[in-house]
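Data block below; observations after.
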Amino acid sequence: MKLSTLVCVAVAALLTGGCGASSAQSATSAQSREAASPLLSPEQLGGGRTWTATETKEMRWVELAPELVPCGRRVIAPEGAHTLVRSFGADDGSSVSQLVATGIEAMDAFKRFHAECGAVGTVESAAGPAHIARANGRVAIAATAGDSFVVIGGTAPEADLIRIAETARKHALANPS
């Protein structure tokens with residue numbers, strides 16, 4: 001084989017290998033960003049159900065769909081709060097939504113959750129710390145995780161929502177946004 005042919009083969013091999021490495025690095029970066037997200041993955045919900053993430057959004061608190069607003073009280077967090085939303089569905093028809101608001105005083109939102117949900121329903125404080133609100137036939141659980149305000153709600157049984165909320169609080173502490 002001629003030297004020029006060998007050089008061409010070597011260059012082609014390097015370019016191909018480089019492209020493959022770049023794609024692998026991009027995939028790894030995307031997985032790292034997802035792993036570092038304060039949002040839960042379906043596997044973390046557990047409870048003997050098979051969960052699927054049905055929707056993931058990033059928005060401001062003021063843009064939340066009305067059914068996601070805890071206790072129907074939008075004033076719980078500042079309008080401009082950066083908010084991540086992930087919705088899940090289970091094989092038995094149960095649903096769970098997770099809200100993570102950041103860039104705010106999380107403890108202030110946590111206190112407003114207690115006050116605002118208490119104005120329209122009942123609220124009990126629980127270990128974690130967490131507030132469990134029951135209003136309008138719905139349950140929402142709020143917790144703080146560092147500088148994040150986390151809310152879990154849905155149609156899953158209350159005991160499951162409480163367990164998921166604690167998992168979400170710990171996950172957000174370990175993976176701040």
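All of the numbers you see were taken from the coordinates with simple rules; none came from a lab. Here the structure is a predicted model, which means the values were calculated and not measured. Note that we place each Cβ from the backbone using ideal geometry, even for glycine, and neighbour counts take in every protein chain shown.
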In whole percents, the bins of 10 Å from zero upward hold the Cα-Cα pairs of region 83-128 as 20, 37, 37, 6
Using the Cα gyration tensor of region 56-120, the equivalent ellipsoid's semi-axes, largest first and to the nearest Å, work out to 21, 15, 10
Roughly how many nanometres apart are two label points built 7 Å out from the Cα toward the Cβ at M59 and R138?
1.2
So E158 and A115, fully extended at 0.36 nm per residue minus their Cα-Cα distance, gain in nm 13.4 nm
With 10 Å bins from 0: P(r) over region 75-177, alpha-carbon pairs, percent
16, 52, 30, 2
